[in-house]
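Participant: Have a look at the structure that comes next, please.
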Amino acid sequence: MSIEQWRTAWQQLTAAGAPFEVVTPADGAPRYFRQTARTLQEVIDAGRVHGEREFLVWQEQRLSFADYFDQVDRLAGQLIARFGLQPGERVAIAMRNQPAWLVAFAAIQRCGAVCVPLNSWGLRDELLHGLEDSGAGLLLCDESRLTLLRDDLTARQRTTIVVGMTSVAGLPDYCFRYEDLLAAEALVVPAVRVEPHAPAMILYTSGTTSRAKGALSSHRAVCQALAALDFQSAFCALSSPQRIARVIDSGFAPTSLMAVPLFHVSGLHAQFLSALRGGRRLVLMYKWDVERAIDLIRDERCTQFNGAPVMMQQLFASPRFGGADTASLFGLGLGGGASSAALLGDMARRKPDVIGGSGYGLTESNGIGAAIGGDPFLYKPASCGWPLPIVDVRIGDSPAQPVPDGQPGLIWLRSPTLMSGYWNQPVASAETLCDGWLNTGDIGYLDDEGFLCISGRVKELINRGGEKISAAEIEACISEMPGVEDAAVFAVPDPLLGEAVALVIQGERLPSVQDAQLFIAARLAGYKVPAHVYRVTEALPRNATGKVLKAELKQRISG
């Protein structure tokens, strides 16, 4: 298909009366999808129609949709009857991926409460910050998180429901076993009505340097985001009919291997909530391990895997990838960080029939911005795709004065999926949301065909004697050099230039410092060649979404 045919398919999906009809308000407010759920309660309840179809696979647990909803209703009944949970109250979840996480989220929404997913990768200070900052009166956690927070929870006597405890022996009075609550007599859950503009969740930003801020989103914002994800799937099917036909003809049931954390939009929205509505099977991983992932793809016949670039690199590097063990895998989605051209090319070469894709979004936009998949992905794999139909994009220092297409600048987004603001942070909210536009902090441009391309982050621009250098550009360049498995670029002080470029490369068979500099010099402007190159064999420190913790890395290097 040609790009003109893709545009036609796009227009057909969004026209009046179409499944993804887009409404343009007369008052100038952001465009929105007409046909969406009003609340997350409606989104979740839509999954009940799938009945006895298998939904969740995790270790020895297997739950049908009916099993899952039985647990949701049982937990919701206990939350209201035993703990007196009221609409609008905050409830935190702190545990690694497992069925109880998904049950807890739906039960919280069933009660009309506000869900606060906490970073289960975080240490005591980060977890405690999320609890205290959100004002959550109730916590659902696993045993590992209870161990981290036990002294703090005891001091505050915060009501805690613990998953996976084999007995109540040694549990403090404020703790209750999750399994006991599910085993109790089922209670009738009263209908709790919430409005579309009511708060639904607080998602903490996965910052790499500063303390995480809580992005508060309404039910309407999340529902519009889920509709945008559905649109992208439908557009991918229309623009890549031959690829979709091969998936259908394979006979494999749609099954996603889920290794990204549920406390992030890429896990919560794009995988869990989308699968729940659509009847897709989810195979959960407690934590990422590439060989275990391939075992699960083989044994459970997984058809889809979405992950951060570092996950995808490890998957492609396995000698088992591309053989019989991954024969069922037809969909690969990239997210969570910039991807090098080499990685994207490897994807197309190793699995030519794959439906590849990537996207661009933030926690503050509920993961929605631009997206690309299927044949359009092969056409422009280094781009993020077209902005989704309900998203406006402007490039420049101010959304009121956008620069021409092709010229890079600060990316601003406007859509109905944006957060309401940062929880209890009016100043930070005003700095990030400007007249309905979100300051993403990312640098990029719209090309002559309307595709959004990302070139770096404002905070990661290095000012070398007045020349602005994108760390992401150098990282993408050096990642194509043989022997370099991972890379990070950041600024270091320089007495003459103010800042100089520092590069850390990681791998088992790394090139020399001089060879790395020559490789970059042959491809980028001379002033972008790193003055300092550090070679390491240990993995670079990353947060839960795959972003390199550069502040921690700097300390390692300087130490």
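Participant: Cβ-Cβ below 8 Å, separation at least six or inter-chain, first residue in the range 362-375 and modelled with pLDDT under 95, second among the basic types (K, R): which pairs?
Facilitator: I372/K380; G374/R243; D375/R243
Participant: Kindly indicate whether I93 is part of a helix (DSSP H, G or I) and either in contact (Cβ under 8 Å) with a residue 60 or more places away in the chain or touching a Gly at 6+ places or on another chain (Cβ under 7 Å) (or both). Give the steps one after another, and end with the answer.
Facilitator: Values: part of a helix (DSSP H, G or I): no; either in contact (Cβ under 8 Å) with a residue 60 or more places away in the chain or touching a Gly at 6+ places or on another chain (Cβ under 7 Å) (or both): yes.
When the stated conditions are applied, I93 does not pass them.
Participant: So which residues in the range 458-477 are over 21 Å from S383 (Cβ atoms) and either in contact (Cβ under 8 Å) with a residue 60 or more places away in the chain or outside any strand (DSSP E or B) (or both)? Write out each step before concluding.
Facilitator: At the first step, the residues of the range 458-477 found to be over 21 Å from S383 (Cβ atoms) are 459, 462-469.
Within the range 458-477, K459, R464, G465, G466, E467 qualify.
Participant: Okay, next question. Select, from I395, I443, the only residue that is modelled with pLDDT under 95 and either of a type outside the set (S, T, Y) or not assigned by TED's automatic domain parsing to the domain that holds I520 (or both). Write out each step before concluding.
Facilitator: Details: I395 fails: modelled with pLDDT under 95.
On inspection, the qualifying residue turns out to be I443.
Participant: Search the range 46-59 for residues being more than 23 Å from the chain's Cα centre (by Cα) and in a helix (DSSP H, G or I), and hand back the single one that is surrounded by the most Cβ atoms within 10 Å (Cβ to Cβ).
Facilitator: The selected residue is H50.
Participant: While we're here: Quick check on V194: is it farther than 22 Å from L413 by Cα and touching a helix residue (DSSP H, G or I) at 6+ places or on another chain (Cβ under 9 Å)? Outline the logic, then answer.
Facilitator: Working: farther than 22 Å from L413 by Cα: yes; touching a helix residue (DSSP H, G or I) at 6+ places or on another chain (Cβ under 9 Å): yes.
Yes; evaluated as a whole, the condition is true for this residue.
Participant: Does A136 satisfy the condition of being under 21 Å from the mean Cα position of the chain (by Cα), within 27 Å of I44 (Cα to Cα) and in the same structural domain as R90 (by TED's automatic domain parsing)? Before the answer, list the steps.
Facilitator: On the way: under 21 Å from the mean Cα position of the chain (by Cα): no; within 27 Å of I44 (Cα to Cα): yes; in the same structural domain as R90 (by TED's automatic domain parsing): yes.
No, not satisfied.
Participant: State all residues of the range 497-533 that are hydroxyl-bearing (S, T, Y) and crowded, with 16+ Cβ neighbours inside 10 Å; if no residue qualifies, say none. Spell out the reasoning first.
Facilitator: Our first condition is that a residue be hydroxyl-bearing (S, T, Y); within the range 497-533, this holds for 512, 527.
Result: no residue meets the conditions.
Participant: Answer with yes or no whether E538 is surrounded by fewer than 16 Cβ atoms within 10 Å (Cβ to Cβ), of a type outside the set (S, T, Y) and at pLDDT 90 or above.
Facilitator: Values: surrounded by fewer than 16 Cβ atoms within 10 Å (Cβ to Cβ): yes; of a type outside the set (S, T, Y): yes; at pLDDT 90 or above: yes.
Judged against the criteria, E538 is a match.
Participant: Now for a separate question. Within the range 112-128, which residues are out of contact with any strand residue (DSSP E or B) (no Cβ under 8 Å at 6 or more places or on another chain) and closer than 23 Å to S218 by Cβ?
Facilitator: Scanning the range 112-128 gives a single hit, G112.
Participant: Can you list residue pairs whose Cβ atoms sit under 9 Å apart, with the first residue in the range 113-129 being free of Cβ contacts under 8 Å to residues at least 60 places away in the same chain and closer than 16 Å to R90 by Cβ and the second being of a type outside the set (S, T, N, Q) and in a strand (DSSP E or B)? Count only pairs 6 or more apart in sequence or on different chains.
Facilitator: What qualifies is A113/R90; A113/V91; A113/L138; L127/A92; L127/A94; L127/C141.
Participant: Under 17 Å from A107 (Cα atoms), loosely packed, with under 13 Cβ neighbours inside 10 Å, acidic (D, E) and at pLDDT below 95 - does that describe any residue in the range 183-201?
Facilitator: Yes.
The values are calculated or read from the model by the stated rules, or taken from the named source; none is laboratory data. The shown structure was predicted, so the numbers you read here are calculated from the model rather than taken from an experiment. Counting neighbours? That spans all protein chains shown, and the Cβs are built from the backbone with ideal geometry, glycine included.
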